Amino acid sequence: MKVADSSYLIEGILRNAGILENETFIAPDLALYEVVNTVWKHEALIGDLPDSALRIGLFLELVSAETVQLLRPDKKLLDETYSLSVKYKLPTYDMVFVALALQLDLELETFDDRQSMIFAKERITNGEI
């Protein structure tokens, strides 16, 4: 099991389904809305996605099959997220993925270089490596 941020899930839904195969991912429930919003953006604003309902359906199938497990954040995760956001001056909607991976001691899959850097730095700081 790995934590996947929205950028990683979106890449798997829109461009490279193979990255979502043979693995179970966990993400805060925020990821559902970020994935669907990106699909909407590609259909309605960019105009390069004619099969948006298919893509949303695919994502929902991954959730139903528990290949992607959506987690409702609790107070502890919110506190850790907020702390990271203040420390690095980045939005909570980005730091929640880092905080979740750190809390669960799982790898973080992301295409966001800032998240990757912070995750690695915090793992070293916390003595996890």
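Every number in this text was worked out from the coordinates using simple rules, so none of it is lab data. It should be emphasised that the depicted structure is a prediction, and the values quoted were computed from it without experimental measurement. When we count neighbours, we look across all protein chains shown, and the Cβ atoms used for this are built from the backbone with ideal geometry, even at glycine.
State which residue is nearest to Met1 (Cα to Cα) when the search covers only region 55-79 and only residues that are among the hydrophobic types (A, V, I, L, M, F, W, C) and buried (at least 16 other Cβ atoms within 10 Å of the Cβ). Here the answer is Val68. Residues considered: Ser52, Ser85, Ser7. Of these, the only one that is among the hydroxyl-bearing types (Ser, Thr, Tyr) and surrounded by fewer than 18 Cβ atoms within 10 Å (Cβ to Cβ) is Ser52. Filtered by the rule that a residue be over 26 Å from Lys75 (Cβ atoms) and either among the basic types (Lys, Arg) or within 8 Å of the chain's Cα centre (by Cα) (or both), region 9-28 gives a lone residue, Arg15. Name the pairs: first residue in region 109-129 and part of a loop (DSSP other than H, G, I, E, B), second residue loosely packed, with under 12 Cβ neighbours inside 10 Å, Cβ to Cβ under 8 Å, at least 6 apart or on different chains? Hits for this filter: Glu128/Asp105. Inspection of region 58-77 identifies no residue that is under 19 Å from Asn126 (Cα atoms) and part of a loop (DSSP other than H, G, I, E, B).
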